[in-house]
Amino acid sequence: MPYVLIAPFFILFAIFGLFPLIFNGVVALRTWRLDDPAQDGWAGLANFEKLLTDEDFWNALYNTFGIFVLSTVPQLFLALCVAFLLNRRLRGQTWFRVSMLLPYITPLTASTLVFLVVFGRDYGVANWVLSVFGMDDPIDWRAGKLQSWVAIATMVNWKWIGYNALLYLSAMQTIPRDIYEASALDGATSWKQLWRITVPMILPVVIFTVVLSTIGGLQLFTEPMLLDANPASASGGSNGEWQTIAQLIYKVGWKNLNLGYAAAMSWALFLIIVVVAVVNTLVTNRLGGGKR
């Protein structure tokens, strides 16, 4: 009976998870073009070898990592600080905690379209705020790599900081108050309590968010897609200034109709995510353990 009860999950996983994964691996080893079925045939590792000399792939990889760093690092750090503040006694605690989820439950397309107005070149709120601080020339947020990365990272951070903060907050509430009171008597400041008590004691949750943020950050698609004036092109700007690997996979597979090469890119992205997630986990575990 226990096997019968858990069978639906494994059946659904085999159909919608395992089979597409295996099938995609087979496609990556073939020359499969929807616009020219006659070219279909076994290619071996040719699609993967092509990646090594593909400038578009390396540009997309560079963009992906650039946006990933600008979004993930500030996102998790700010989420940790926000959670630490919400874990203290505040007026309107419930309201603040609920408000943290509002960006997360907002439809991604709707919030991204709002940010397109915020980052408008001529009448955008972002340029207006910068002009208040003395910047006279408005920034064209679609004209270069750095400014487009900052715009996309801002969208990502706005959506996920609150979600990660609540995960951290739930873990922080399991820490006995006595520990904080004892450390306060020993002269520990709030900053030292955060890094020497809180972070090491919620390390499993921190590692969990690091892995999730790594997976999501390296698969970024919707925000850079909608930032483009012509989203259907999936070009990530006129010169691919912010084109991510996920966008390039979509463009190669469903615009250029080269499914074999797109499948090889997706497997390359999968391996990159695994490596980066493992490295991030080891680094986070080492840093957290060093603060005990």
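The values are calculated or read from the model by the stated rules, or taken from the named source; none is laboratory data. This one's a predicted model, so the numbers in the text were calculated from it and none came from an experiment. Cβ: placed from backbone, ideal geometry, glycine included. Neighbour counts: every protein chain shown. Calculation scope for accessible area: heavy atoms of the full protein, side chains included, ligands and nucleic acids excluded. Shrake-Rupley method; radii C 1.70, N 1.55, O 1.52, S 1.80 Å.
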- Message: If you average the alpha carbon positions of segment 145-164 and of segment 66-90, how far apart do those two centres end up, in angstrom?
- Response: 12 Å
- Taking Cα atoms, the helix 108-118 axis meets the longest principal axis of the chain at an angle in degrees (rounded to 10) of 80 degrees
- Mean separation of Cα contacts under 8 Å (6+ apart) over length of the chain, as relative contact order %: 28 percent
- Task: Can you tell me the FRET efficiency between residue 189 and residue 278 if r is taken as the Cβ-Cβ distance and R0 is 41 Å, rounded to the nearest 0.05?
- Result: 0.75
- For the chain, with the dipole built from +1 on Lys and Arg beta-carbon atoms and -1 on Asp and Glu ones, taken about the Cα centre, which of 187, 37, 53 lies farthest toward the positive end? 187
- Task: Round to a whole angstrom and tell me the spacing of the C-alpha centers of segment 96-116 and segment 215-292.
- Result: 22 Å
- Task: May I ask you to list the aspartates and glutamates whose Cα is less than 15 Å away from that of residue 145, ignoring any residue fewer than eight positions away on the same chain?
- Result: 56, 223, 228, 241
- Can you tell me the 0 to 90 degree angle between the C-alpha axis of helix 145-172 and the longest principal axis of the chain, rounded to 10? 50 degrees
- Query: For segment 1-92, what is the relative contact order in percent, using Cα pairs closer than 8 Å and at least 6 residues apart in sequence?
  - Reply: 13 percent
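R0 = 51 Å: FRET efficiency of residue 96 with residue 254, Cβ-based, nearest 0.05? Each step should come with its number before you reach the end.
On the way: r = 42 Å, r/R0 = 0.83.
Efficiency, from the Cβ-Cβ distance: 0.75.
What does the convex hull of the Cα atoms come to per residue for segment 159-253, in Å³?
Details: hull volume 11.0 nm³, N = 95.
Enclosed volume per residue, from the Cα hull, is 116 Å³.
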- Task: Please give the per residue accessible area of the chain, computed with a probe of 1.4 Å over protein heavy atoms only, in Å².
- Result: 57 Å²
- Task: Would you please name the trypsin sites (Lys or Arg not before Pro) within segment 1-106 that are DSSP coil residues with at most 13 other C-beta atoms within 10 Å of their C-beta?
- Result: 88, 89, 91
- Message: Eigenvalues of the Cα gyration tensor times 5, then square-rooted: what semi-axes does that give for the chain, in whole angstrom, largest first?
- Response: 38, 28, 17
- Message: Given segment 1-135, report the % of alpha carbon pairs whose separation exceeds 25 Å.
- Response: 66 percent
- Exposure rule at most 13 other beta-carbon atoms within 10 Å, DSSP loop chymotrypsin sites (Phe, Trp or Tyr not before Pro): the chain longest free segment: 134-292
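After finding the eigenvalues of the alpha carbon gyration tensor for segment 222-287, what semi-axes result from the square roots of 5 times each, listed largest first in whole Å?
Working: eigenvalues 153, 54, 10 Å².
Here the semi-axes work out to 28, 16, 7 Å.
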- Item | Where the Cα pairs of segment 130-203 fall when distances are cut into 10 Å bins, in % | 16, 28, 20, 20, 15, 2
- Query: Using helices alone, what [θ] at 222 nm do you get for the chain, with -39,500 (n - 2.57) per DSSP H run of 4 or more residues, divided over all residues and rounded to the nearest 500?
  - Reply: -20500 deg cm²/dmol
- Heavy-atom accessible surface of segment 51-147: percent carbon and sulfur, 1.4 Å: 68 percent
